[in-house]
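Following: one structure in structure tokens, then a few remarks.
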Amino acid sequence: MFSCTGKQASVENEEDYPRYDKAEAKRYAKRRADVNSAFDKTFTLELLEKEYIEANGRKFLNYTFRATNKSNKPIKAAKGKLMFCNLFDEYIKSYEHMYDEKTLAPGESITYKSGMEVSYIGDDDEIISKSLSSLKFTWICFNVLFEDDSQMERRKMLDSVE
């Protein structure tokens, strides 16, 4: 169902929606593509570096990101998932992530660091052991909070009737 090749995870075809009839599935897939495009035109997150650190018996994955506000309104925060796939587009793992470093003015980009403790080894092994050039990264944005407290919410956009 997910593709790591685009900026947003995408729906490949209507077979991904077995509970819908074929026409409904096509409409939903188009709606999802439109929503992905709207988020891509609002807020983007690029993964620039990753680093694995062990300290005091604890394990951490640290990342350097570039966040960009592509909208015409200041953005306070964005929430979504970081999704990793291998070079064959096979899903490895995803992590929840929130950008809330500073309010981004329209057109502004910021580079920032973020990390997480890795509490177990498993799916994380593949991310830890591979270089960024051996991984595909996709940011799936679910919510954007603007400075005026208005929000762009994926679920509401997908549920809205055209």
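Here are some notes:
- For residue 96, the shell of other residues with beta-carbons less than 12 Å away shows a net charge of +3, using +1 for Lys and Arg and -1 for Asp and Glu.
- Out-of-range pairs (alpha-carbon distance over 32 Å; input 59/79; 30/113; 26/102; 26/76): 30/113; 26/102; 26/76
- Proximal aspartates and glutamates relative to residue 22, as straight alpha-carbon distance under 15 Å, when same-chain residues fewer than 8 apart are discounted: 12, 14
Read-outs throughout are calculated quantities, based only on the coordinates presented, and are distinct from any laboratory measurement. All values derive from a computational prediction rather than experimental measurement. Heads up, the Cβs are rebuilt from the backbone with ideal geometry, glycines too, and the neighbour counts pull from every protein chain shown.
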